[in-house]
Amino acid sequence: MKAEVRELKRRFGEIRLFPETLDDLWHLSHLVGPGDLVFATTFRSVEAATDKLRPEKTEKRPVRLGIRVEKVEFHPHSNRLRIAGVIESGVDVASHHTLNVEAGFELSVIKFWRSVDCERLRRAVDASAYGVVHVVSVEEGEAQVYRLRQFGPEWVTTVTVGSSKGADAGTRSTLYERTLEALSAVTGPLVVAGPGFVKEEFADYVRARAPDVAGRMVVVETRRIGRGAVQEVIGQGILERLLGDLHLAREVRLMDEVLLRIATDGAVAYGIGDVRKAVAYGAAETVLVSDTLLRDEEATRVIEQAERINASVVVLSTEFEPGERLAALGGAAALLRYRLE
């Protein structure tokens with residue numbers, strides 16, 4: 001994401017945004033919400049003047065519109081973000097229009113920028129400096145490749161050769177060859193994960209045949225395979241070594257701490273009601289909120305009050321396992337400085 005502050009006073013104003021990736025569109029789906037004013041160049045049907053008796057067909061022309069947002073929908077499978085609302089500036093004022101935002105689209109957003117919005121925007125801008133991380137989980141007879149989006153792991157492909165039981169050296173060599181071929185278009189850091197010796201053999205295969213890939217490869221021992229291996233990689237902090245402060249790793253650690261404190265009757269609160277109480281008492285040290293609650297009025301008030309007492313606020317994506325766990329707890333939790341009776 002690229003961002004350019006046009007005018008900002010007391011956190012209200014205009015920021016010009018340039019999404020570059022699918023991750024950026026996901027960030028935008030949480031940065032832009034109902035009531036915001038969005039300016040963008042888009043296509044809209046315009047009737048051309050004509051002196052003919054038979055009316056001409058309308059044609060779509062590029063126009064600059066200001067849309068008062070009513071609804072935002074993120075469509076990861078079509079690589080698109082839809083922003084719908086009422087036109088306040090430009091042609092056909094008071095009519096409805098939908099912006100189809102894709103990577104490379106430019107838009108300006110005028111709103112009150114909360115601290116959680118500014119933090120999300122900072123992460124999106126910082127992340128653009130890195131290549132996308134891929135994790136390949138390797139076991140006997142199968143390899144699964146995942147791309148780590150900022151909203152969670154995205155399955156890329158699965159390579160299967162022979163049977164998972166009793167695979168010989170020739171079968172494994174075929175698996176390694178096809179997996180490396182599947183990784184030929186991958187750029188950025190690569191994590192090879194899995195239990196046992198198979199991942200080590202694959203890593204040696206890569207070092208021997210693709211030294212450029214090996215130069216950005218890290219090998220990690222995990223107990224699980226597939227998506228579970230990706231979860232372990234993040235939980236071990238491997239990605240932080242690759243990319244610095246990657247938000248996903250922090251989400252995993254925080255939710256693990258929340259669940260541990262719940263299991264041991266520790267200093268924790270969960271559910272928006274109990275979190276609100278903890279914040280009101282000044283006991284909250286870190287507040288976790290699921291992204292689905294960002295537009296909930298009660299959750300917004302809790303976030304604002306948490307910021308006033310200098311508690312850190314972390315937004316978790318429900319596209320990823322820690323966010324799903326948080327949603328199951330009511331969408332909000334807090335790590336406390338002390339237990340509340």
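With a 1.4 Å probe and every protein chain left in place, work out the accessible area per residue of the chain in Å², rounded to a whole number.
I get 49 Å² per residue for the chain.
Between residue 10 and residue 281, what is the label-point separation in nm under the 7 Å Cα-to-beta-carbon projection?
With each label placed 7 Å out from Cα toward Cβ, I get 3.4 nm.
For an R0 of 51 angstrom, estimate the FRET efficiency from the Cβ-Cβ distance between residue 224 and residue 45 and round to the nearest 0.05.
Approximately 0.45, to the nearest 0.05.
Taking the dipole about the Cα centre of the chain, with the C-beta of Lys and Arg at +1 and of Asp and Glu at -1, give me whichever of 116, 189, 143 is farthest to the positive side.
Checked the options; the winner is 116.
Compute, for the chain, the length of the dipole vector about the Cα centre, with Cβ point charges of +1 (Lys, Arg) and -1 (Asp, Glu) only. Units Debye, rounded to 20.
In total the dipole reaches around 680 debye.
Using a simple spin-label model with points 7 Å from Cα along the Cα→Cβ vector, what separation in nm is obtained for residue 20 and residue 78?
With each label point 7 Å from Cα toward Cβ, the separation is 2.6 nm.
Identify which of the listed values of mean projected area of the Cα convex hull in nm² was calculated from the structure shown: (i) 22.9; (ii) 17.1; (iii) 31.7.
Recomputing mean projected area of the Cα convex hull in nm² here picks out (i).
Taking only pairs that are 8 or more places apart or on different chains, how many Lys pairs in the chain have Cα atoms under 18 angstrom apart?
Count of close lysine pairs: 4.
Evaluate the relative contact order of the chain (contact order divided by residue number), counting alpha-carbon pairs under 8 angstrom at least 6 apart; express in whole percent.
Relative contact order of the chain: 12 percent.
Compute the relative contact order of segment 171-243 as a whole-number percentage, counting only Cα pairs closer than 8 Å that sit 6 or more residues apart in sequence.
32 percent
Using per-residue counts of other Cβ atoms within 10 Å, averaged over each peptide, order 6-19, 178-191 from highest down.
Peptide ranking by packing, descending: 178-191, 6-19.
Could you compute the FRET efficiency for residue 60 and residue 309, with r as their C-beta to C-beta distance and R0 at 45 Å, rounded to 0.05?
Once the sixth-power term is evaluated, E becomes 0.30.
For a Förster distance of 51 Å, can you work out the FRET efficiency between the beta-carbons of residue 262 and residue 209, rounded to the nearest 0.05?
According to the calculation, E is roughly 0.60.
For the residue pair residue 187 and residue 93, what label-to-label distance in nm results when each label sits 7 Å from Cα along the Cα-to-beta-carbon direction?
Those two pseudo-labels are separated by 4.5 nm.
Which percentage, to the nearest 5, of the DSSP beta bridges contained in segment 74-233 is antiparallel?
Counting DSSP beta bridges with both partners in segment 74-233, the antiparallel share is about 70 percent.
The values are calculated or read from the model by the stated rules, or taken from the named source; none is laboratory data. Model, not experiment: these values are computed from the prediction. A quick note on method: Cβ atoms are made from the backbone with ideal geometry, for glycine too, and the neighbour counts reach across all protein chains shown. With ligands, DNA and RNA removed, areas are computed over all heavy atoms of the protein, side chains included. Shrake-Rupley method; radii C 1.70, N 1.55, O 1.52, S 1.80 Å.
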